[in-house]
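Some notes on the structure that comes next.
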Amino acid sequence: MTTIDTSRPEQIARDAPEPTSVPAVTLALSVAGISHCYGRRRALSDVSFGVAPASFTALVGLNGAGKSTLIALITRLFGIQAGRISVFGHDISDTPGDALRLLGVVFQPRTLDLDLSVMQNLLYHAALQGIARREARLRGDEVIARIGLADRVNSRVRDLSGGQMRRLEIARALLHRPRLLLLDEATVGLDVQARADILAHVRTLVAERGIGVLWATHLFDEIAESDDLVVLHGGHVLAQGSVTQILGETGAPNFDTAFRSMTEAADRRGRPS
Amino acid sequence: MQAAMMMNRSKMLCRVWLCGAAIWLATAAPASAFLAYVSNEKSNTVSVIDTDSWTVTATIKVGQRPRGIELTRDGKSVLVAVGDDDTIQIIDVASQKVVDSLPSGPDPELFTQDATGKILYVANENDNTVTVIDLEKRVRMGDVQVGVEPEGMAISPDGKILINTSETTNMAHFIDTATREIVANVLVDARPRFAEFKRDGSELWVSSEIGGTVSVIDPAKRVVTDKIEFNIPGLRREAIQPVGIGMTRDAKTAFIALGPANRIAIVDAATHKVIKYLLVGQRVWHMAFTPDEKYLLVTNGVSNDVSVIDVTAQKVIKTIQVGELPWGVAMARP
Amino acid sequence: MSTTFVTHEHRKLGFGNYVTCLNGILWREALRFLHQRERFVSALVRPLVWLFIFAAGFRQVLGISIIPPYETYILYEVYIAPGLIAMIQLFNGMQSSLSMVYDREMGNMRTLLVSPLPRWFLLVCKLLAGTVVSLLQVYAFLLIAWFWDIAPPLIGYLTVLPALVLSGLMLGSLGMLISSRIKQLENFAGVMNFVIFPMFFASSALYPLWRVQEGSPMLYYLCLFNPFTHVVELIRFALYDKVNWVSLAVVAGCTAVFTIGAIIAYDPGRGLARRAPAGGET
């Protein structure tokens, strides 16, 4: 594998090809030949895909497709049984510290301390990343302002709305300035407006800050034309590429239909082992 | 700001931890250095305890059934009544040996000296008499007839009145030391054991073993003015048997041994109210303060040991094994 | 597309980062502790109930024998105080383990584990944080006990601290080890039945071992080999400015074994990997 010095992001910027094609340089996230079993049950089978820097990749699949297992493997919650995962060339098993530092995560369940204030939550996360308190406070003020919670710095998280909490979690995930952001069903339980806000916010991060995003979802209306897609079903990757590519391959008028035909075909074939 | 505070706190915690670990692993002991002489009624010995190390440093063989024990006023000798030998033996503090004996009546139990230390008054339990002995010449000067089974002995601070309590007659006898005549009798509760004057002579306390009380007597009017009662949760009243009494020189605090209750009662000597009870060994009997009044030693007859009470802290700090059936204790400077 | 990259300082994580992380975890645990007053109150009420009600009924149990580290006769409440301190730490250790399960279900544990710092370090920080919380509870208990005339020498309040840190770590790491085996919150009842109660009752917390030996020699050996007995004795001796070397060795050894066990159990390649994530969704 070609490795480049990740401390010089301008090199990636210069060398990064169009996000729609598979980049030749180091991927923000590289998942290669990942399989995972819970006892006898196979949750993931030979899953491979990549997320380019400064791209928005949607990991699409129904509940039970294996998205959460994949996220757990990328975040090193579980050990990898087969295959490799690396973040900007840092193998998650061999050099977890280096990999995790470049990774920001928003988990599906709420992971904020409800009784602690907005700032306290951010400071705790900063400490976990080894960011000194003074620096953490500066960054905290900055991200809080950006998500429009400047007047709620000392409010208890419990008193925030669902959308505000999500935005805070995203802000928290970005506090240590990662270059890959992982979001697992980040819009679950939010109303339409809040969902749209969160999605727009994350897309801005990709555009303005060059962050690679892996957006796991089962809601197809969150997919945009320009996104890269990874379609996961029954632990298998059924398709990957840009939305246009996938529609072209399946000949379906929209993604909804394309997804249905792909999954039905896969189910008909049965579960290949 | 919170960050700084947190930093300081964790640093402080770390320091306290290290400090605690250091002290925990390196222990020290206090110092005072007196000698306590404990009469062991059954083993016929006197145990000598060093109050510095709180260990028994010598055991002196004495006569049969040693009970009452006291230091002479000059501090050179310890007197111990050996009841079954019908005499009082003199232990030399310097050599820690029995050097002589005094002629008492039969079965001497408790005794007291006058202020000058020249005259000794001895209660002879079997004889219903108090024997008067000249300590310098070591001769018997005479007897005073008192009630049945005389025991407690006390002399008023002005030296004019000698008190003797008789166990069966249940009385405190007031004896004029000049005429050696009983001038008054005050009835107290059953089986009076011990008598103690307040340093200023304003009150006389008499403990009643069976009655379970301490009677406070006005020595001028010669009447009982108050009675101190004891009540320990979880203990039967019969188990509470007051015997020995110790009062601090400032007359503020009194300690009362409660026998089979295994407790010492601490009493406010001014208000006569019990402040607290301290757990000691079994059948706690008599007591003595160290000369600096920092510690009080009490004898536990049945458990064969002596408990040490920190007087200011009002806590039992140690219990030391001695001979069999320790009865009385006297304190001397080495 | 405009690509303004955020510069990323890619130094190795140094000692300062570790200290920052430890402080952060301690600080958060302390904050949570302050917010959970009921937890604090119940942590105090439990031993106080034992002290005020149970011990009052058993006052006559002791006072007939002097056992080290005591130098005189003691009342039963004085005897059980170190056992109750150990009980506070036992419950706290198990409750921390409960909170690990809870955290794992709620996802807080995940935010901890995605820290770039080594996992063993994060778990040790978590253990220390739990221990600090138990220290607050223990000292609050000692303060109340002091008014109840359970007054060890003043120096004992200081010398007991290192013993408490060690015992807190041991019981915390035991809890952590157990928590790695528990899938759900409800299983805490099982922990109560199969860990807390047997450990507490088959120890020297309530009765001195010589008394147990009189009653049942088998139970005596059970108590003797129960590490909780040594936690109690370590605290008992330390509270009176003394060291029980055997207990110190046992507690230190158990702390090492349990901590290493917990680290292995939380290693992503081992313990958790064999199980489906909580909630059943894959």
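The values are calculated or read from the model by the stated rules, or taken from the named source; none is laboratory data. Note that the structure is predicted; figures quoted are calculated from it, not measured. Please note: Cβ atoms are built from the backbone with ideal geometry, for glycine as well, and neighbour counts cover all protein chains shown. Side chains included, ligands, DNA and RNA excluded: accessible areas come from the protein's heavy atoms. Shrake-Rupley method; radii C 1.70, N 1.55, O 1.52, S 1.80 Å.
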TODO: Collect the residues in region C:193-218 that are open to solvent by less than 70 Å² (accessible area, probe 1.4 Å) and hydrophobic (A, V, I, L, M, F, W, C), keeping them in residue-number order.
DONE: C:Val195, C:Ile196, C:Met199, C:Phe200, C:Ala202, C:Ala205, C:Leu206, C:Leu209, C:Val212
Open item on the list: Give me the residue from region B:268-295 that is under 15 Å from the mean Cα position of the chain (by Cα) and of a type in the set (Lys, Arg) and, out of that set, farthest from the other protein chains (Cβ to nearest Cβ).
Closed with: B:Lys294
Open item on the list: Against the condition more than 25 Å from C:Val101 (Cβ to Cβ), at the interface with another protein chain (Cβ under 8 Å from one of its Cβ atoms) and in contact with a Cys (Cβ under 7 Å, 6 or more places away or on another chain), how does A:Gly130 come out, does it pass?
Closed with: yes
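One line per residue, one yes/no per condition, for (1) among the charged types (D, E, K, R); (2) at pLDDT 95 or above:
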{"position": "B:Met171", "(1), (2)": "no, no"}
{"position": "B:Glu181", "(1), (2)": "yes, no"}
{"position": "B:Asp189", "(1), (2)": "yes, no"}
{"position": "B:Asp200", "(1), (2)": "yes, no"}
{"position": "B:Val216", "(1), (2)": "no, yes"}
{"position": "B:Gly234", "(1), (2)": "no, no"}
{"position": "B:Ala251", "(1), (2)": "no, no"}
{"position": "B:Phe255", "(1), (2)": "no, yes"}
Open item on the list: Looking at region B:36-81 only, could you name the residues that are of a type in the set (S, T, N, Q) and on the phi > 0 side of the Ramachandran plot?
Closed with: B:Asn44
Open item on the list: When you scan region B:191-202, do you find a residue that is open to solvent by 20 Å² or more (accessible area, probe 1.4 Å) and closer than 24 Å to B:Thr87 by Cβ, even just one?
Closed with: yes
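Are any residues in region A:175-193 more than 14 Å from the chain's Cα centre (by Cα) and open to solvent by less than 20 Å² (accessible area, probe 1.4 Å), and if so, which ones?
Narrowing region A:175-193 to residues more than 14 Å from the chain's Cα centre (by Cα): A:175-177, A:188-193.
Scanning region A:175-193 gives A:Leu175, A:His176.
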TODO: Determine which single condition A:Thr111 fails, assuming it passes every other condition in (1) touching a residue at least 40 places away in the same chain (Cβ under 8 Å); (2) within 12 Å of another protein chain (Cβ to nearest Cβ); (3) more than 17 Å from the chain's Cα centre (by Cα).
DONE: (3)
- [ ] Inspect all residues belonging to region B:129-147 and state whether any of them is under 20 Å from the mean Cα position of the chain (by Cα), at pLDDT 90 or above and polar (S, T, N, Q).
- [x] no
Open item on the list: All but one of (1) of a type in the set (Ser, Thr, Tyr); (2) open to solvent by 10 Å² or more (accessible area, probe 1.4 Å); (3) outside any helix (DSSP H, G or I) hold for C:Tyr221; state the number of the condition that does not hold.
Closed with: (3)
TODO: Determine whether region C:144-162 contains at least one residue that is surrounded by fewer than 20 Cβ atoms within 10 Å (Cβ to Cβ), β-branched (Val, Ile, Thr) and within 12 Å of another protein chain (Cβ to nearest Cβ).
DONE: yes
- [ ] Kindly indicate which of A:Ala252, A:Ala207 is more than 14 Å from every other protein chain (Cβ to nearest Cβ), open to solvent by 10 Å² or more (accessible area, probe 1.4 Å) and either touching an Asp or Glu at 6+ places or on another chain (Cβ under 6 Å) or aliphatic (A, V, I, L, M) (or both).
- [x] A:Ala252
Task: Positions within region A:210-247 being open to solvent by 20 Å² or more (accessible area, probe 1.4 Å) and among the hydrophobic types (A, V, I, L, M, F, W, C), in sequence order - done: A:Leu219, A:Phe220, A:Ile223, A:Ala224, A:Val237, A:Leu238, A:Leu247
TODO: Determine whether region C:69-76 contains at least one residue that is in contact (Cβ under 8 Å) with a residue 12 or more places away in the chain and part of a helix (DSSP H, G or I).
DONE: yes
Open item on the list: Give me the residue from region B:296-322 that is in a strand (DSSP E or B) and away from chain C (no Cβ under 11 Å) and, out of that set, surrounded by the fewest Cβ atoms within 10 Å (Cβ to Cβ).
Closed with: B:Leu296
Task: Restricting region C:1-49 to residues that are at pLDDT below 80 and touching a Gly at 6+ places or on another chain (Cβ under 6 Å), the residue that is farthest from A:Ala207 (Cα to Cα) - done: C:Leu13
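I'd like the full set of residues that are surrounded by fewer than 19 Cβ atoms within 10 Å (Cβ to Cβ) and part of a loop (DSSP other than H, G, I, E, B), limited to region B:273-295. Please lay out each step first, then the result.
From region B:273-295, those surrounded by fewer than 19 Cβ atoms within 10 Å (Cβ to Cβ) are B:273-276, B:282, B:291-294; that's our starting set.
Across region B:273-295, the qualifying residues are B:Gln282, B:Pro291, B:Asp292, B:Glu293, B:Lys294.
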Open item on the list: Against the condition away from chain C (no Cβ under 12 Å) and free of Cβ contacts under 8 Å to residues at least 40 places away in the same chain, how does A:Asp46 come out, does it pass?
Closed with: no
Open item on the list: It is to be established whether one or more residues within region A:150-170 are touching a Phe, Trp or Tyr at 6+ places or on another chain (Cβ under 9 Å), under 22 Å from A:Leu29 (Cα atoms) and modelled with pLDDT of 90 or more.
Closed with: yes
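Could you check region B:125-152 and list, in sequence order, the residues that are crowded, with 18+ Cβ neighbours inside 10 Å and touching a helix residue (DSSP H, G or I) at 6+ places or on another chain (Cβ under 9 Å)?
If the condition is that a residue be crowded, with 18+ Cβ neighbours inside 10 Å and touching a helix residue (DSSP H, G or I) at 6+ places or on another chain (Cβ under 9 Å), then B:Glu125 is the only one that fits.
Checking the structure you have, find out if any residue of region A:146-166 is within 26 Å of A:Leu219 (Cβ to Cβ), within 12 Å of chain C (Cβ to nearest Cβ) and open to solvent by less than 10 Å² (accessible area, probe 1.4 Å).
Taking region A:146-166 and keeping what is within 26 Å of A:Leu219 (Cβ to Cβ), we get A:146-149, A:157, A:160-166.
Still in the running and within 12 Å of chain C (Cβ to nearest Cβ): A:157.
Remaining after also requiring open to solvent by less than 10 Å² (accessible area, probe 1.4 Å): A:157.
Yes: region A:146-166 contains one or more residues that are within 26 Å of A:Leu219 (Cβ to Cβ), within 12 Å of chain C (Cβ to nearest Cβ) and open to solvent by less than 10 Å² (accessible area, probe 1.4 Å).
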Task: Residue in region C:110-127 that is open to solvent by 30 Å² or more (accessible area, probe 1.4 Å), of a type in the set (D, E, K, R) and more than 30 Å from B:Leu278 (Cβ to Cβ) present - done: yes
- [ ] Could you check, for region A:118-128, whether at least one of its residues is modelled with pLDDT of 90 or more, of a type in the set (Val, Ile, Thr) and in a helix (DSSP H, G or I)?
- [x] yes
